[in-house]
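To start, the structure itself, in structure tokens.
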Amino acid sequence: MLNKNYKELAEDLNTKFPEALVLVDEPMKGHTTFRIGGPADIYIEPDYASIIPLIKYLKEQDVQFMVIGNGSNLLVSDEGIDGVVISLGKNSDAITISGDTMVVEAGAMLSSVANAAANAGLTGLEFASGIPGSIGGAVYMNAGAYGGEMKDIIESVLILTDDLETKVMTPDDLHMSYRHSSLMEDGGYVLSAVIKLDKGNEQEIKARIDDIRQQRISKQPLNFPSAGSTFKRPEGYFAGKLIDDTGLRGYSVGDAQVSEKHCGFVVNKGNAKAADVLQLMKDVDAKVFDKFGVHLSPEVRIVGRNIH
């Protein structure tokens with residue numbers, strides 16, 4: 001979009017969606033856990049009731065847009081993102097609990113949902129307590145950790161399709177598998193999810209969450225910005241071990257570095273650029289393939305202008 005056009009669009013969005021936060025030329029490094037990324041033409045945080053009308057309006061105006069959650073699995077181009085970035089976060093994060101069932105809006109953080117479940121004496125979501133993402137993003141990529149995955153505890157998901165229909169879909173409908181759902185190919189947007197859990201002992205649940213938190217602190221490089229696990233786990237292998245066994249612990253390109261604490265993570269040591277991370281990822285994949293004959297596929301979602 002031309003500069004004048006997106007400024008006019010931002011004014012229209014402010015008028016039509018007064019409850020939303022609308023920012024122009026907003027640096028995405030402030031909205032990703034990697035702390036990397038150039039400006040989005042427009043960045044908007046809508047309230048839950050505005051999500052569908054907002055997406056409908058942008059489609060009617062033929063404006064390019066993308067939907068993100070917490071930005072925890074995102075690498076954004078140094079040149080930024082064309083069009084509108086819709087961030088589902090603190091304005092769309094309600095959690096409702098009834099018996100052993102939770103209804104959760106897409107912007108709710110997994111840590112908040114896991115803690116709410118624990119406080120209600122509900123078990124099954126402990127694995128997600130340390131994943132730094134939102135429910136929407138977690139469903140989109142079937143996030144998992146410590147032996148659990150979202151597909152294990154999701155009963156149904158409310159989806160807005162690209163054709164602006166709302167559909168209730170199950171994990172089977174979404175073909176949820178390792179770090180994958182059909183949303184990646186078919187498009188569509190997670191609005192909310194129904195989570196089915198089991199009754200448990202509140203103290204035991206909280207102890208498990210605390211144990212997972214301590215494991216993360218001891219094993220993961222939480223002192224540096226990152227997007228979590230950079231590569232998917234190749235079948236029969238662990239990405240971090242392959243990288244370590246290739247002698248790449250601490251390998252750097254600019255301020256992007258293979259973590260010295262956990263080789264499955266690429267960290268931002270200060271002012272890393274997306275280009276640094278991408279070059280590092282290419283180097284790591286090539287060197288691991290040369291040594292072991294195994295390619296590493298990105299787990300991080302790579303988006304933005306002139307990204308390749």
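All of the numbers you see were taken from the coordinates with simple rules; none came from a lab. Just so it is clear, the model here is predicted, and its values are computed rather than measured. All Cβ positions, glycine included, derive from the backbone under ideal geometry; neighbour counts span all protein chains shown.
Rounded to the nearest 0.05, the FRET efficiency derived from the C-beta distance between Lys232 and Val168 at R0 = 25 Å is 0.30. Of the GluC sites (Glu not before Pro) in region 1-46, the ones in a loop by DSSP (not H, G, I, E or B) with at most 13 other beta carbons within 10 Å are Glu19. Once C-alpha pairs closer than 8 Å and six or more residues apart are averaged by separation and normalised to the residue number of region 3-87, the relative contact order reads 33 percent.
Residues with beta-carbon under 11 Å from that of Asp25, excluding Asp25: net charge, scoring Lys, Arg +1 and Asp, Glu -1? So the surrounding residues net to -1.
Of the GluC sites (Glu not before Pro) found in region 39-105, those in coil by DSSP whose Cβ has at most 16 other Cβ atoms within 10 Å are Glu79. Distance between the modelled labels on Lys7 and His175, one decimal in nanometres: 4.5 nm (7 Å Cα→Cβ projection). As a rough guide to protection, the peptides 70-78, 22-30 ranked by mean Cβ packing within 10 Å, highest first, stand as 70-78, 22-30.
Short-range pairs are left out: with C-alpha atoms under 8 Å and at least six residues apart, the relative contact order of the chain is 17 percent. Here the simple spin-label model places points 7 Å from the Cα toward Cβ, and for Glu79 and Thr161 these points are separated by 3.4 nm. Working from Cα pairs under 8 Å separated by at least six residues, relative contact order for region 35-139 is 28 percent.
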